[in-house]
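Scroll down for the structure; my scribbles are underneath it.
The values are calculated or read from the model by the stated rules, or taken from the named source; none is laboratory data. It should be emphasised that the depicted structure is a prediction, and the values quoted were computed from it without experimental measurement. Cβ sites come from the backbone with ideal geometry, for glycine too, and all protein chains shown count toward neighbours. Calculation scope for accessible area: heavy atoms of the full protein, side chains included, ligands and nucleic acids excluded. Shrake-Rupley method; radii C 1.70, N 1.55, O 1.52, S 1.80 Å.
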Amino acid sequence: SRPVQLYGPGDIIGVDAKAIVRTEPRHWITNFEANYLPFVEFYDEDFPWRYTPAKATAGQKRLRPWLALAVLEESEFEDKSTDVLGRPLPYFAMTLGSGQTLDEVFAARLPPFDQLWAWAHVHVNGALGSDSDDADTLAGRLDETVRANRDMAYARLLCPRILKANTGYHAFLIPSFETGRLAGLGRDPNKSSYATQSAWAIYAGRQDEERALFPYYHRWYFRTGTV
């Protein structure tokens, strides 16, 4: 046996802009269709799961990405990007609506943590097989495709939030695990009770200090149209 050191969200305090090959919509688009879903694409096929500190669910093979895409209206957050002292990453603070609790805000604006697996996938520009093929066969064909041409496949991360028409939105690429959130805020990720816990869900032993603050790795702005 040999000890192996693994990197997780708590070790990541930045994403190279060159890792992102596309955002939809593009920055400052002002007529995005409100019935579409915003997304971000990465050149490396494994990137959304590369630093996930949890294993896939048994049997279902559902693996949560270590990133999430949050899309917020301008009134739903306070920009803190100028307050960088001691903070490795820029960040924002969730604002509360009238009579709202922080948990209600998270439920309304962020995807459920246990459903994050559904909003990340690999897109391949080519045929890999049929639905009847087993996972090992498909994985082998994916490997062959990528080895032949690295540009044939990429990863996509979507935001499932339903958008309003004629509304401005800011899209943030944020850590989905608590250790990543703490590291991005300049806090010790080792103080998190559990490395596999959500950055916004309640769990036993959670510290509520700065719970409304979220660091982000990438950001862009867009506005929806009326058509």
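How would W28, W200, W49 line up by accessible area, probe 1.4 Å, largest first?
W28, W49, W200
With θ set to phi - 60° and the Karplus curve 6.51 cos²θ - 1.76 cosθ + 1.60, what are the ³J(HN,Hα) couplings of region 165-177 in order, to the nearest whole Hz, using x for Gly and Pro?
Coupling constants for region 165-177: 6, 6, 9, x, 9, 10, 9, 10, 8, 10, x, 9, 9 Hz.
For the chain, which semi-axes, largest first and in whole Å, follow from the square roots of 5 times the eigenvalues of its Cα gyration tensor?
29, 24, 17
Kindly provide the GluC sites (Glu not before Pro) of region 15-52 that DSSP labels as loop, not H, G, I, E or B, and whose Cβ sees at most 16 other Cβ atoms within 10 Å.
When the GluC sites (Glu not before Pro) of region 15-52 are filtered for loop state and at most 16 Cβ neighbours within 10 Å, E33 remain.
Ranking request for peptides 219-226, 99-106, 62-69: highest mean number of other beta-carbon atoms within 10 Å first, then the rest in descending order.
Ranked from most to least packed, the peptides come out as 62-69, 219-226, 99-106.
Which value in Å is the Kirkwood Rh of region 20-60 over different Cα pairs?
With all distinct Cα pairs of region 20-60 included, I get 13.0 Å.
Roughly how many percent of the accessible protein surface of the chain is carbon and sulfur, given a 1.4 Å probe and a whole-percent answer?
Result for the chain: 51 percent of the exposed heavy-atom area is carbon or sulfur.
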